[in-house]
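*Asks:* Below: one structure in structure tokens.
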Amino acid sequence: LNVTEEKFVLDTLAGCTEYKSILDVVVNAFYVQDGRYCPISERNLYIVICYLATFQLEEIGLQHFSRIVKSLDTAKMQQFLRFFFNDLHLNTWIKDEWSHIYDSVYVKENLIDPLLRWQPKVQQLIEKLTDKLSNHSTTVKTSRVTQPKEFNLTVPKPHAIPPPSPAPLPVLPKRQPVPPSIYKPPKERKQLEEIKTKNIQKAKVSIFCCSSILSFLLSCFFFIGTILTGIEIDPFLPHYLEVVWESVLTKYLEELTKQPQDLIDNIPIKLNTAAILREGALYQRKLEEELKRVENLQQGAGDSSEFLEWQKQMRGKDLEDQLAETECRKLQGKLSYEEAVLAHQNVTQENKKKADLLREEKAELMHLYAEKRLQEQKEMKELVEQVMEGHKNVKQVKAKIQEHKQQIVQQVCEESGELLRQALEEQEEKNRKRYELIQQIRALESTPSIRHKFVDLTETGGHGLFAEMSVVELRERLALLKEAQKAAEEEKRDQIIHEKQAKEQLILDKLDQISQFRAELGRAAAFKQEEKKKSQSGERPMKDERILNLQKKIAEKTMERKKQAGLL
């Protein structure tokens, strides 16, 4: 296509896509009314013609539009244009349906009025198409005489020289599987768990012994004191001292259970090669950043520690505000829940009153319905008695008809049995002849045939190929290829061993560097933890006034709800 035609096709496609909703209204109605027998595969054809007639008729002109229509099927175009350019259709349902999609004023001025203006000229085009159809139907096709033609035989091409065989693709060696030790937990963790359980058991035994001995000593002490001094001592005092002693022992047990946690945190973890290299690169990058920061400080750059401290304080303050806001929301939710429960209880009381009234009305209606039902049953019983008297004579006639039908069925069964027996005899005769024929064919096939073929492995096949060789030569070439492949594998193996040794040395250096960095980071983390504990010890939790007010309101609503529930 040239530039003009390509632009017209693209504009038409874009327009059909943009105005698909209003075009579908006309095409769907056409398929329902006049185009019931048109194939659905021609739907896009009618959509394009409808778009050109509605939006592009003034731009392209009637002559160009007529050429497009005449180039298509005459009967289909005549049927569609007569349906679309009908005055009644345009002024009634097409206008109404399009007004649901676009504004009614826009539809009337820009869509319906142009179509009505072009309607007389398009009607002339429809009449021409109708005349063409009538003339086409009267003409009779004259048969052509078959003219023989010579065969167009293809000239054979000369055989091309086959390309040399491609070099074999290198086969990668099979990789070693992942060792199963990676997926197993370390032994140190299991040993620490066993030590922890043993320590807890020992501590429990010691606590039990100490508590029993202490209670016995305290009771003896107070008993002797009362005998010697004659003064009565408070009987609850030994029990109080025993409780205090048990609380001290339980705290000791908690401290004992927390001790192995530090050991568990410092368990040595086995790293693979990728983890070692990744961690080494991380520490190397941190070291470079620290050296760069020190150089900048020496050159007079500012330190960002004060800003970071201020940022940390502001974030802590924002976190406290956020927590207070969250607590307020929770309390507001509880308050709304209490109010909803109270409202539900009030609605329940009103519903109970309404239900009582409805039950009374229902009982009255059921009483009236029962009386009416009894009257209807009496009338129905009388009607059934009248009908039964009329059915007595009908039963005798039905019995006679049934006997006649049984006689006819018996005769038909006898005739069909005779025909079936004859068909079975004919089928058995055919099967017997077929079986004899099969036995003869199998006997002919079972006769042995002697075939001897001697093979010489030193001779070629004689197929006329360029790379043709005998079996013996093929075996010699394969032996040479195996020797060359073995030498290449030995050379590759030596190279892999050297690379592996260099990689192991690099990993050992990285492990030394990682251990040094971890020790430094552990000391820094311990120092930060001590500072954090000191800072947390001086802080005191503060509650917001909004939270206290909401808690008071919730307590009041809860008391009110409980009173209401007691009344219910």
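The values are calculated or read from the model by the stated rules, or taken from the named source; none is laboratory data. Fair warning: this is a prediction, and the values are worked out from it, not measured in the lab. Because the Cβ atoms are built from the backbone with ideal geometry, glycine has one as well, and the counts that use them run over all protein chains shown. Accessible surface is based on the protein model in full, side chains and every heavy atom, while ligands, DNA and RNA are left aside. Shrake-Rupley method; radii C 1.70, N 1.55, O 1.52, S 1.80 Å.
*Asks:* Please list HIS498, HIS64 from largest to smallest accessible area, probe radius 1.4 Å, with all protein chains kept in place.
*Replies:* Order by accessible area, largest first: HIS498, HIS64.
*Asks:* In units of 2.2 N^0.38 Å, what is the alpha-carbon radius of gyration of region 405-515?
*Replies:* My calculation over the Cα atoms of region 405-515 gives 3.11.
*Asks:* In what order, largest first, do PHE84, PHE151 sit by accessible area if the probe radius is 1.4 Å?
*Replies:* PHE151, PHE84
*Asks:* Not counting ligands, DNA or RNA, and with a 1.4 Å probe, what is VAL27's accessible surface area in Å² rounded to the nearest 10?
*Replies:* For VAL27, the solvent-accessible surface is approximately 0 Å².
*Asks:* Can you sort THR92, THR12 by 1.4 Å-probe accessible area, starting with the largest?
*Replies:* I get THR92, THR12, largest accessible area first.
*Asks:* Can you give me the solvent accessible area of ILE547 with a 1.4 Å probe, rounded to the nearest 10 Å²?
*Replies:* 20
*Asks:* Mind grabbing the accessible area of MET380 for me, 1.4 Å probe, Å², rounded to tens?
*Replies:* 110
*Asks:* Number of Lys pairs in region 3-136 with C-alpha atoms less than 14 angstrom apart, excluding same-chain neighbours closer than eight positions?
*Replies:* For region 3-136, the number of qualifying lysine pairs is 5.
*Asks:* Same structure again: For region 450-517, run through the chymotrypsin sites (Phe, Trp or Tyr not before Pro) and keep only the ones in DSSP coil with at most 12 other Cβ atoms within 10 Å of their Cβ.
*Replies:* PHE454, PHE466
*Asks:* Let me ask something else. What ranking do 75-83, 475-483, 93-101 get when scored by the average of other Cβ atoms within 10 Å per residue, highest first?
*Replies:* So the order, starting with the most tightly packed, is 75-83, 93-101, 475-483.
*Asks:* Under the Karplus relation 6.51 cos²θ - 1.76 cosθ + 1.60, θ = phi - 60°, what is the ordered set of whole-Hz ³J(HN,Hα) values for region 187-199, x standing for Gly and Pro?
*Replies:* Once θ is set to phi - 60°, the couplings for region 187-199 become 5, 4, 5, 5, 5, 5, 5, 5, 4, 4, 5, 5, 5 Hz.
*Asks:* Let me check against my output: what whole-number percent is the relative contact order of region 3-136, with C-alpha pairs under 8 Å and at least 6 apart?
*Replies:* Result for region 3-136 is 28 percent.
*Asks:* Can you list the residues, at least 5 places off or on another chain, whose amide H is less than 5 Å from the amide H of THR460, using H built in the peptide plane?
*Replies:* none
*Asks:* Beyond 12 Å, what share of the Cα-Cα pairs of region 474-520 is found? Please give it as a whole percent.
*Replies:* Tail of the P(r) past 12 Å holds 72 percent of the pairs.
*Asks:* Please work out, to two decimal places, the log10 of the ratio I(q)/I(0) at q = 0.11, 0.19 Å⁻¹ from a Debye calculation in which every Cα of region 3-136 carries one identical scatterer.
*Replies:* Values returned for q = 0.11, 0.19 Å⁻¹ are -0.38, -1.22.
*Asks:* Could you give the distance between the Cα centres of region 25-52 and region 336-378, to the whole Å?
*Replies:* 59
*Asks:* Can you list the aspartates and glutamates whose alpha carbon is less than 16 Å from that of LYS557, not counting same-chain residues fewer than 8 positions off?
*Replies:* GLU338, GLU339
*Asks:* Please list, in order along region 354-370, the HN-Hα scalar couplings obtained from phi with the Karplus expression 6.51 cos²θ - 1.76 cosθ + 1.60 (θ = phi - 60°), rounded to whole Hz, x for Gly and Pro.
*Replies:* These are the phi-based 3J(HN,Hα) values: 5, 5, 4, 5, 5, 4, 4, 5, 5, 4, 5, 5, 5, 5, 5, 5, 5 Hz.
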